[in-house]
Amino acid sequence: MPDFLVAALQLTSTSDVDANLNLAEEQIELASRRGADLIGLPENFAFLGDDKERIEIAKSLHEKCTKFLITMARRYQVVLLGGGYPVLVADSNRTLNRCELVGRDGQLLARYDKIHLFDVDLPEGNTYRESETISPGNQSPPVVEVPGLCRVGLSICYDVRFPELYRDLVDKGAELLMIPAAFTAFTGKDHWQILLQARAIENTAYVVAPAQTGLHYGRRQSHGHAMVIDPWGTVLADAGVMPGAAIAPADKKRVDRIREQMPSLKHRQKQLF
């Protein structure tokens, strides 16, 4: 029997905070009814709109998101990841992009502020400049022992392109990597699944990747395909392109077994790099 069930939720968030949180609760409830013990919400789960409005509502949204995560974790008795929401930086017109992992009793288990910011010009014409309105975090992402489950490492979206971050998480003991995202439709079709599988394979760890999907506002469109991937790189569940969830079992013994069969982590020649 598996140790526990994990759920990577998939949403189409907009600028309507109350509607977003209501839809998020629906998916949390459905996942908990299916037996999920660890549930992840995607990046920007509470708000996905223009930068000006995000900054204007960041203070009140921070308080609302914190209360929401605590309430949901207690109500449905799950370990819950809020995959990314804005937190106003004092005396500035910038926000942090923060994810938080909350235990069944509503206690904060871990917190991470996204350190890699998405500043790109895509061939299809969209330009993204997160650094213009978002401040990067200044702490490496944490690993936390979740009682009764496993050791969980946190990250957010664009981080997935930086393998050294995940190697650091594994060095700190991570057995399961959480990668909540709002991956663009253009990059997602070519890179999303490949990057997730690579992070799982090279670190022999589970990957749980909640995702945004569909059209949010203007030309902002997300790829979808929230996934759960095992330490061998096998996709155990894929949510497709509609709001919903990817739910699959996670087994600590499978992590140990694959790390014994494929001991690449032990074979690293650190002294040469």
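The values are calculated or read from the model by the stated rules, or taken from the named source; none is laboratory data. Given the structure is predicted, the values throughout are model-derived calculations rather than measurements. FYI the Cβ positions are ideal-geometry reconstructions off the backbone, even for glycines, and counts take in every protein chain you see.
When A237 is tested against (1) more than 13 Å from L176 (Cα to Cα); (2) part of a loop (DSSP other than H, G, I, E, B); (3) among the hydrophobic types (A, V, I, L, M, F, W, C), only condition (2) is not met.
Each row is one residue, and each column tells you yes or no for (1) part of a strand (DSSP E or B); (2) under 24 Å from S32 (Cα atoms); (3) of a type in the set (F, W, Y).
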| position | (1), (2), (3) |
| --- | --- |
| G188 | no, no, no |
| Q193 | no, no, no |
| E202 | no, no, no |
| L215 | yes, no, no |
| M242 | no, yes, no |
| I258 | no, no, no |
| P263 | no, no, no |
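Picking from residues in segment 231-240 that are surrounded by fewer than 22 Cβ atoms within 10 Å (Cβ to Cβ) and of a type outside the set (A, V, I, L, M, F, W, C), the one that is nearest to D37 (Cα to Cα) is D238. Taken together, L215, L196 contain a single residue that is more than 25 Å from V79 (Cα to Cα), out of contact with any Pro (no Cβ under 9 Å at 6 or more places or on another chain) and in contact (Cβ under 8 Å) with a residue 24 or more places away in the chain, which is L215.
The residues of segment 130-162 that are surrounded by fewer than 16 Cβ atoms within 10 Å (Cβ to Cβ), among the hydroxyl-bearing types (S, T, Y) and assigned to a loop (DSSP other than H, G, I, E, B) amount to a single one, S140. Residue check: G84 meets all listed conditions (1) of a type outside the set (V, I, T); (2) within 20 Å of S135 (Cα to Cα); (3) out of contact with any Pro (no Cβ under 7 Å at 6 or more places or on another chain) but one, namely (3). For segment 172-189, the count of residues that are farther than 19 Å from Q10 by Cα, at pLDDT 95 or above and of a type in the set (D, E) is nonzero. Of the residues making up segment 1-56, those that are in contact with a Phe, Trp or Tyr (Cβ under 9 Å, 6 or more places away or on another chain), among the polar types (S, T, N, Q), closer than 26 Å to I115 by Cβ and buried (at least 18 other Cβ atoms within 10 Å of the Cβ) are S13, N20, N44. Answer yes or no as to whether D256 is without any contact (Cβ under 8 Å) to a residue 40 or more places away in the chain, buried (at least 17 other Cβ atoms within 10 Å of the Cβ) and among the acidic types (D, E). So D256 does not fit the description; no.
A quick yes/no check of all residues on (1) loosely packed, with under 14 Cβ neighbours inside 10 Å; (2) at pLDDT 95 or above; (3) under 17 Å from L38 (Cα atoms):
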residue: T71; (1), (2), (3): no, yes, yes
residue: Y85; (1), (2), (3): no, yes, no
residue: V89; (1), (2), (3): no, no, no
residue: N97; (1), (2), (3): no, yes, no
residue: L109; (1), (2), (3): no, yes, yes
residue: K114; (1), (2), (3): no, yes, no
residue: D119; (1), (2), (3): yes, no, no
residue: G125; (1), (2), (3): yes, no, no
residue: Y128; (1), (2), (3): no, no, no
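Out of curiosity, is N22 at positive phi and either in contact with a Leu (Cβ under 7 Å, 6 or more places away or on another chain) or modelled with pLDDT of 95 or more (or both)? No: the conditions fail for N22. Taking the criterion of being in contact with a Leu (Cβ under 8 Å, 6 or more places away or on another chain) and either closer than 20 Å to G148 by Cβ or among the polar types (S, T, N, Q) (or both), the residues of segment 228-251 that qualify are V228, D230, I247, A248, P249, A250.
Yes/no per residue for (1) in contact (Cβ under 8 Å) with a residue 60 or more places away in the chain; (2) buried (at least 16 other Cβ atoms within 10 Å of the Cβ):
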{"site": "G224", "(1), (2)": "yes, yes"}
{"site": "M227", "(1), (2)": "yes, yes"}
{"site": "P243", "(1), (2)": "yes, yes"}
{"site": "I247", "(1), (2)": "yes, yes"}
{"site": "Q261", "(1), (2)": "no, no"}
{"site": "L265", "(1), (2)": "yes, no"}
